[in-house]
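**Q** To start, I am sharing the structure in question, which I have written as structure tokens.
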Amino acid sequence: MMPLAVNWHALLLRSVVSFNEFVIYYFLTLNTVYLLLFVVSLFEVVRFVRRTFFSDYQQILKSEMTWPISILVPAHNEERGIVDTIRSLLQLNYGEFEVVVVNDGSGDGTLEQLLKAFNLRKTDRIYRRTLPTARVRGIYASLEVPSLIVVDKEKGGKSDALNTGINISRYPLFCSVDADSVIEENALLRVVKPFMEHPEEMVAVGGIVRIINGCDVRDGRVTRIGLPRKALPVFQVVEYLRAFLSGRIGWSVLRSLLIISGAFGLYKKTDVVAVGGYDATTDTEDLELVVKLHEHLKRQKSRYRIVFVPDPVCWTEVPEKVKTLLLQRNRWHRGLLQSFARHWRMLFNPRYGVIGMLALPYFLLFEMLGPFVEVLGYLSVLAAYFLGVLNQEFFLLFLLVALFYGVFLSIAAVLLEEISFRRYPGWEDLVRLVWYSIWENLGFRQLLALFKVKAFFDFIRRRRRWGEMGHRGFREPAPESPAPR
């Protein structure tokens, strides 16, 4: 009996149509999860704003019970902005704190700029390695600025620099801050508050990161908040608002927060040392640290909290060129894949509670697999069009769940920012943000999906590349013209 001939054309048509239907349901599920997170975040932001309206941060400032903090600043080739960053940190409105700058084998004038600006001298202080690190070449201090310590060490990467800072720090809490960042004056008072409210349980607190491109900075302070002139960083403003105000607040409420930004996070030092500090073999040391803390504390059956608060603000610079953005996002996604590969045993494991049963499955299904589904979804729609099987109803439904749903969530995040924190003062900024919220889903998001697909193959090939941001430095406001006589 002759085998039946395979109708490859019919099989191809059925495959394309079936995959298109899968993509519709996938995007519908994904955006519904985003919507639920946004609703949770909305209620939490309203509650947070009402509660903090009556907060007395002066009481935290003056209380003898307020925990002292060590601020750790890893720096590698940051000569253009390092002095402004340190000046802003030294001006923070907080009781007892120290600033520990770790020069991680910079090849530019980072160390020289610091020594000159703060009149630092080499000391004979002994360096004790609680966590293993690269060799320390010198420790610098000044009687004029007693709360500042600068450590010069051989290059070991950001994780190694942070571990060095932990080793030399004096206080029970440490705050990791990027060298290209500016912290608002009361940020420490706001980020330490959860530790004051739950001193036994609190392990880590993340603050919000906002984009400094387009703002004016003077003497280490943001003096005027504005939007960047270029489109690429404005897209990132919208993206950051959605990620922090809709995403991290929601995950924090669900006790499932997996990411505290390396640009601004506060940690209890004993817990971080207990898990071995920062991991130098991953590309996103901040994500890996938080996941390690969850895994360790869940195994210990400890009562603990890792939370996000939207009030303390860190301003940081973002890429203004596509190539630089590619390198940054490639590293971020590789780091996510690395951490997932290390902690996959937590997945769907009830021993790890909502982390194993909710947060990690979400990251697997949507953050890791999502870029592939999105890119293939757009290609399958094109294939359906050229094969003549794309009907109008399906195409409109695809646009609704894949694009317009995302536009709605982006605009909702911008409006949530406006009704709660109102950092952007002018109505022109609000109009621009809403406008870019639309176009962010019609090009920028697809570009990021392609970056993540590339990152997956780089991860498979075990390629590691940090990539240089190419900081422009903070923009000083133009000097005022003299008044006419």
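The values are calculated or read from the model by the stated rules, or taken from the named source; none is laboratory data. Keep in mind it's a predicted model, so treat the numbers as computed, not measured. Cβ sites come from the backbone with ideal geometry, for glycine too, and all protein chains shown count toward neighbours.
**Q** Looking at segment 278-323 only, could you name the residues that are over 27 Å from ALA231 (Cα atoms) and among the hydrophobic types (A, V, I, L, M, F, W, C)?
**A** Selection gives ALA280, LEU287, LEU289, VAL290, VAL291, LEU293, LEU297, ILE306, VAL307, PHE308, VAL309.
Here is a yes/no grid of residues against (1) within 19 Å of the chain's Cα centre (by Cα); (2) surrounded by fewer than 14 Cβ atoms within 10 Å (Cβ to Cβ):
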position: GLU393; (1), (2): no, yes
position: LEU400; (1), (2): no, no
position: PHE408; (1), (2): no, no
position: GLU418; (1), (2): no, no
position: GLY426; (1), (2): no, yes
position: LEU430; (1), (2): no, no
position: PHE444; (1), (2): yes, no
position: ALA449; (1), (2): yes, no
position: ARG463; (1), (2): no, yes
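**Q** Are any residues in segment 419-461 in a loop (DSSP other than H, G, I, E, B), modelled with pLDDT under 85 and either more than 28 Å from SER41 (Cα to Cα) or among the aromatic types (Phe, Trp, Tyr) (or both), and if so, which ones?
**A** In the first step, residues of segment 419-461 are kept if they are in a loop (DSSP other than H, G, I, E, B); the result is 421-426, 461.
This time we only want the ones that are modelled with pLDDT under 85, so: 421-426.
If the condition is that a residue be in a loop (DSSP other than H, G, I, E, B), modelled with pLDDT under 85 and either more than 28 Å from SER41 (Cα to Cα) or among the aromatic types (Phe, Trp, Tyr) (or both), then PHE421, TYR424 are the ones that fit.
**Q** May I pose another question? Give the residues of segment 52-64 that are assigned to a helix (DSSP H, G or I) and either touching a strand residue (DSSP E or B) at 6+ places or on another chain (Cβ under 6 Å) or not hydrophobic (A, V, I, L, M, F, W, C) (or both), sorted by residue number.
**A** Going through segment 52-64, the residues assigned to a helix (DSSP H, G or I) turn out to be 52-53, 57-62.
The answer is THR52, TYR57, GLN58, GLN59, LYS62.
**Q** While we're on this one: Just a yes or no: is a residue in segment 173-183 in a loop (DSSP other than H, G, I, E, B) and of a type in the set (S, T, N, Q)?
**A** Within segment 173-183, not a single residue is in a loop (DSSP other than H, G, I, E, B) and of a type in the set (S, T, N, Q).
**Q** Additional query: Check segment 298-315 and report whether any residue there is in a helix (DSSP H, G or I) and either surrounded by fewer than 20 Cβ atoms within 10 Å (Cβ to Cβ) or in contact with an Asp or Glu (Cβ under 9 Å, 6 or more places away or on another chain) (or both). Spell out the reasoning first.
**A** Of the residues in segment 298-315, the ones in a helix (DSSP H, G or I) are 298-299.
Imposing the further condition that a residue be either surrounded by fewer than 20 Cβ atoms within 10 Å (Cβ to Cβ) or in contact with an Asp or Glu (Cβ under 9 Å, 6 or more places away or on another chain) (or both) reduces the set to 298-299.
The answer is yes, given that some residue of segment 298-315 is in a helix (DSSP H, G or I) and either surrounded by fewer than 20 Cβ atoms within 10 Å (Cβ to Cβ) or in contact with an Asp or Glu (Cβ under 9 Å, 6 or more places away or on another chain) (or both).
**Q** Separate question: Do we have VAL205 as buried (at least 21 other Cβ atoms within 10 Å of the Cβ), in contact (Cβ under 8 Å) with a residue 12 or more places away in the chain, over 23 Å from ARG51 (Cβ atoms) and among the aliphatic types (A, V, I, L, M) here? Talk me through it step by step, then tell me what you get.
**A** Numbers: buried (at least 21 other Cβ atoms within 10 Å of the Cβ): yes; in contact (Cβ under 8 Å) with a residue 12 or more places away in the chain: yes; over 23 Å from ARG51 (Cβ atoms): no; among the aliphatic types (A, V, I, L, M): yes.
Against the criterion (buried (at least 21 other Cβ atoms within 10 Å of the Cβ), in contact (Cβ under 8 Å) with a residue 12 or more places away in the chain, over 23 Å from ARG51 (Cβ atoms) and among the aliphatic types (A, V, I, L, M)), VAL205 does not qualify.
**Q** Also, quick follow-up: Can you tell which of VAL389, VAL318, VAL375, VAL322 is surrounded by 20 or more Cβ atoms within 10 Å (Cβ to Cβ) and either without any contact (Cβ under 8 Å) to a residue 12 or more places away in the chain or of a type in the set (Val, Ile, Thr) (or both)? Spell out the reasoning first.
**A** Values: VAL389 fails: surrounded by 20 or more Cβ atoms within 10 Å (Cβ to Cβ); VAL375 fails: surrounded by 20 or more Cβ atoms within 10 Å (Cβ to Cβ); VAL322 fails: surrounded by 20 or more Cβ atoms within 10 Å (Cβ to Cβ).
Answer to the check: VAL318.
**Q** In segment 84-126, how many are among the hydroxyl-bearing types (Ser, Thr, Tyr), in a loop (DSSP other than H, G, I, E, B) and surrounded by 15 or more Cβ atoms within 10 Å (Cβ to Cβ)? Full working, then the answer.
**A** In the first step, residues of segment 84-126 are kept if they are among the hydroxyl-bearing types (Ser, Thr, Tyr); the result is 85, 88, 94, 106, 110, 123.
Within this subset, residues satisfying the condition of being in a loop (DSSP other than H, G, I, E, B) are 94, 106, 123.
Subset that is surrounded by 15 or more Cβ atoms within 10 Å (Cβ to Cβ): 94, 106.
Looking only at that region, the number is 2.
**Q** Please go through (1) assigned to a helix (DSSP H, G or I); (2) closer than 19 Å to GLY206 by Cα for GLY356 and return the number of the only condition it doesn't satisfy.
**A** In the conditions (1) assigned to a helix (DSSP H, G or I); (2) closer than 19 Å to GLY206 by Cα, GLY356 misses (2) alone.
**Q** Given LEU162, LEU143, LEU131, which one is of a type in the set (A, V, I, L, M) and surrounded by fewer than 16 Cβ atoms within 10 Å (Cβ to Cβ)? Break it down into steps so the answer makes sense when it comes.
**A** Working: LEU162 fails: surrounded by fewer than 16 Cβ atoms within 10 Å (Cβ to Cβ); LEU131 fails: surrounded by fewer than 16 Cβ atoms within 10 Å (Cβ to Cβ).
Going through LEU162, LEU143, LEU131 in turn, the sole match is LEU143.
**Q** Is there any pair linking a residue in segment 144-166 that is within 17 Å of TYR267 (Cα to Cα) to one that is assigned to a helix (DSSP H, G or I), with Cβ under 8 Å and at least six apart or on different chains, and which?
**A** Final answer for the pair search is LYS158/GLU285; SER159/GLU285; LEU162/GLU285; ILE166/LYS269; ILE166/VAL272; ILE166/VAL273.
**Q** Criterion first (in contact (Cβ under 8 Å) with a residue 60 or more places away in the chain and part of a helix (DSSP H, G or I)) does LEU415 satisfy it? Working first, answer last.
**A** Working: in contact (Cβ under 8 Å) with a residue 60 or more places away in the chain: no; part of a helix (DSSP H, G or I): yes.
For LEU415, the condition - in contact (Cβ under 8 Å) with a residue 60 or more places away in the chain and part of a helix (DSSP H, G or I) - is not met.
**Q** Next up: Looking at segment 267-276, can you tell me whether even one residue there is in a loop (DSSP other than H, G, I, E, B), of a type outside the set (A, V, I, L, M, F, W, C) and modelled with pLDDT of 95 or more? Write out each step before concluding.
**A** Going residue by residue through segment 267-276, those that are in a loop (DSSP other than H, G, I, E, B) are 275-276.
From what is left, the residues that are of a type outside the set (A, V, I, L, M, F, W, C) are 276.
Right, trim to modelled with pLDDT of 95 or more and you get 276.
Within segment 267-276, one or more residues are in a loop (DSSP other than H, G, I, E, B), of a type outside the set (A, V, I, L, M, F, W, C) and modelled with pLDDT of 95 or more.
**Q** Failed condition for SER261, given (1) out of contact with any strand residue (DSSP E or B) (no Cβ under 8 Å at 6 or more places or on another chain); (2) of a type in the set (S, T, N, Q); (3) surrounded by 18 or more Cβ atoms within 10 Å (Cβ to Cβ); (4) closer than 24 Å to LEU162 by Cβ, with all others met?
**A** (1)
To keep it simple, each residue is scored yes or no on (1) assigned to a helix (DSSP H, G or I); (2) surrounded by 13 or more Cβ atoms within 10 Å (Cβ to Cβ).
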| residue | (1), (2) |
| --- | --- |
| VAL33 | yes, yes |
| LEU37 | yes, yes |
| SER41 | yes, yes |
| GLU44 | yes, yes |
| ARG47 | yes, no |
| ARG50 | yes, no |
| THR66 | no, yes |
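**Q** A follow-up question, please. Answer with yes or no whether PRO199 is in a loop (DSSP other than H, G, I, E, B) and farther than 13 Å from ALA75 by Cβ.
**A** On the way: in a loop (DSSP other than H, G, I, E, B): yes; farther than 13 Å from ALA75 by Cβ: yes.
In short, yes.
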